Amino acid sequence: MRFKNPFSYSVAGLMLLATVCMCTPESLPVADVLDVQFNEDGTATNVAPSGVAFMRRQVPAMDMPFRTGGRLVAPFSNAWGCKAPSTSYYYDYKGQPELVEAIAGGHSFEVLVRPHFDGQLPDVEVKILSSLSGGGCGIVVSGATADRGNEFAFIPFTESGDDKGYRWALSGVTPESDVDYHVVGVWDKENASARVYVNGRLCGTVDAPGDLVMPSWDAFHQMSLGAGTHPHFQGGVDAFAGTISVARIYGRALSDEEVSSLYRSEKKFLRHYKEPKFMGTTMFRGLAAKPGVTFPVYGTCFREGDRLSFVPVSGDAEPFTLDAAVEPDRVVVTLPDALSDAEYEVFALRGAYSQLIGKTRFTIVDRMPKPTCVIAHQGDFNRIEAGQNTASSFMYAVKAGYYGSETDAQITADGVIVINHDSMLKGVDINTSPYEAVKDLVVDDFHHEKIATLQQLLTSWWRILTALQSLSLRSRGRRGHPSAWILPWLLYAGWDSRTGSTTFPSTSLPAVRSRL
């Protein structure tokens, strides 16, 4: 075989060869403030040069990240826009100004998300990557108002003299369920503008003059991923549902071409993106157990023939694999005779496919304890359909099958017991105001439900409450003696034997004892 003399190639061919040899991978901007890398144990690490720590909400229902396209992706199985979500991540920068200083001169936020919701997009605001609490900035899906629709938006809060406020850079792009979106928000301080890009395209620009105003140091200030922060809701509010593949912050304003290059890079990843077969699963951890008892894993992703494999994390325990009985919202396995007191990684198996879905720990006992009775806190309000301490929240507690429900009681100046967590509502002090000044106050702005009385709770809502086995009442009033009014109502309604617990100030105890 003879080889052609290389000097006999045409000039055009040599020029093409030189061009190919000189090509290098596309140069991408470096996320110097935040670059979230998800870990297999459900935590997240910031691999950006800034080194600020990104943390996970410590809640039991955390979904496990899954590997696809060479990258770990985090699922968020929250209800779209809910309060107190099960899955979110955050960085608390109180007393640590490095993050604020890094973005004060201009910045860019980048996310790659795949939203998930059933049916039509709910008309609520959802926060994706943000720090928003009386200031701040972030990428959100806005709720519909007179000025904007349900759409991706980027909103920095800036101040220039008397001109201050949130600057809404609106994209006009309404997310669809199970569709990928690459969203970038840019605050360009030098040019006094904010921009939002979706899938590499500039979709909206707004004036944003002056300096960036972040939440004050006495406010609730966390940079959060997958939900907005809130001091009264564990896990946050305005939760995102779906998956997040990318969450990055750059300490400068990116150009149009840089944003386009980021999108082109992520399109390569999306070509290899595959959803795992098991998502949205939840299991108990740290249970008392013994051979022969059942162990459930909750989720709607299971099929007949699926199995669960338990692999010990450490120690001498033996792994085991069990056939699973599939039910509408879970699978159930029967624990084997060889069960050990150990921590296990739990894998879901479907044919040859295996996926890590979580961890659990079994504590071996001779006799199983009595079943735990779950009582809903202020009703079941961890959803967009119900506010706390409302008729709707009690109705959903019944539908969810809770054993009981807890509620809070206040008392007006003229002795009417009302249902509310705090003594202050809409600037009105319930404990020092007559009922006439309280009765039309709205407890839940989103659903427009007014404050209810204990009498309504025990009579008008009777059909709801009779489905609950227990009612827990807490007195939070500063007057210290609402039990003198509450107890007769309980006795009158026949709830004395089904009141799981009542909590009153110590000054109320004599009044309680005198009526027993």
Residue-span extension gain [residue 450 to residue 40] - 0.36 nm each, minus C-alpha spacing: 143.1 nm
Approximate spin-label separation residue 298-residue 159, in nm, with each point projected 7 Å along Cα-to-Cβ: 4.4 nm
Residue 191 versus residue 273: modelled label distance in nm, points set 7 Å from Cα along the beta carbon direction: 2.7 nm
Contour excess over end-to-end distance, with Cα ends at residue 96 and residue 366 and 0.36 nm allotted per residue: 92.2 nm
Length released on extending from residue 338 to residue 177, taking residue separation times 0.36 nm less the Cα-Cα span: 53.6 nm
Inter-label distance, nm, simple model (7 Å from Cα along the C-beta direction), residue 146/residue 72: 4.8 nm
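Values in this text are rule-based calculations from the coordinates and carry no lab data. Just so you know, these numbers come straight off a predicted model, no measurement behind them. Please note: Cβ atoms are built from the backbone with ideal geometry, for glycine as well, and neighbour counts cover all protein chains shown.
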